[in-house]
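Before we start, here is the structure in question, set down as structure tokens.
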Amino acid sequence: MLSLNFPGYNFRFKSSENKQQIFDIIRKKFVSLQPEEWVRQHVIHFLSVDKKYPKSLINVEKTLSLNGLRKRYDIVVFNKDGSIHILVECKSPNIIISQDVFDQIARYNLKLKAEYLMVTNGFDHFYCNMNYEEEKYSFLRQIPDFSR
């Protein structure tokens, strides 16, 4: 797989039925290693190793209902009170981060109401802080580290 714009991490791999799999430390199982999954696994490690978010607060690939349609978010990091701290949208490395990608995470966030948004294709990372009172957001250089 491609080297991404993240620190190096130790991943566990295995092959099953001629398909490469990677171990997901949140879901605690091996999952099919596709390009988007490669990015997702880097983000999970980035959040847990570098940003120090407890694995117990990280959730991966869950379904949400949006205007009667079933959608699936990539990653959320919860606050201790159950509200959503960070919503992450991962794209395959060959996908350019466009307005459509920002529109997608914005639609998901209408329902989820995260404090921070992260959009990445593994090479380019975008971080936003949401201000719901003023109905705006601001881009950040980085998302905050976990604070107890």
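Bear in mind that the values in this text are calculations on the coordinates, not laboratory data. Since the structure is predicted, the reported quantities are computational estimates derived from the model, not experimental observations. Cβ: placed from backbone, ideal geometry, glycine included. Neighbour counts: every protein chain shown.
In the set Lys111, Lys91, which member is touching a residue at least 40 places away in the same chain (Cβ under 8 Å) and closer than 19 Å to Ile26 by Cα?
Unique residue meeting the criteria: Lys91.
Identify all residues within the stretch 39-65 that are farther than 24 Å from Arg141 by Cβ, in contact with a helix residue (DSSP H, G or I) (Cβ under 7 Å, 6 or more places away or on another chain) and assigned to a helix (DSSP H, G or I); write none if there are none.
Lys55
Also, quick follow-up: What's the number of the only condition in (1) in a strand (DSSP E or B); (2) acidic (Asp, Glu); (3) surrounded by fewer than 20 Cβ atoms within 10 Å (Cβ to Cβ) that Glu89 fails to meet?
Here Glu89 clears every test but (3).
Can you pull out the residues in the stretch 66-79 that are under 22 Å from Gln142 (Cβ atoms) and outside any loop (DSSP other than H, G, I, E, B)?
If the condition is that a residue be under 22 Å from Gln142 (Cβ atoms) and outside any loop (DSSP other than H, G, I, E, B), then Tyr73, Asp74, Ile75, Val76, Val77, Phe78 are the ones that fit.
Let me spell it out: the conditions are (1) surrounded by fewer than 18 Cβ atoms within 10 Å (Cβ to Cβ); (2) part of a strand (DSSP E or B), and Gly82 meets all of them except one. Which number is the exception?
Result: Gly82 fails condition (2) only.
Can you name every residue in the stretch 53-77 that is surrounded by 13 or more Cβ atoms within 10 Å (Cβ to Cβ) and farther than 22 Å from Val101 by Cα?
Passing the criteria: Tyr53, Pro54, Leu57.
Follow-up. Looking only at residues that are in contact (Cβ under 8 Å) with a residue 40 or more places away in the chain and not aliphatic (A, V, I, L, M) in the stretch 124-143, which one is surrounded by the most Cβ atoms within 10 Å (Cβ to Cβ)?
Selected residue: His125.
Looking only at residues in the stretch 95-123 that are within 23 Å of Gly68 (Cα to Cα) and of a type in the set (Gly, Ala, Ser), which one is surrounded by the most Cβ atoms within 10 Å (Cβ to Cβ)?
Taking the candidates together, the pick is Ala114.
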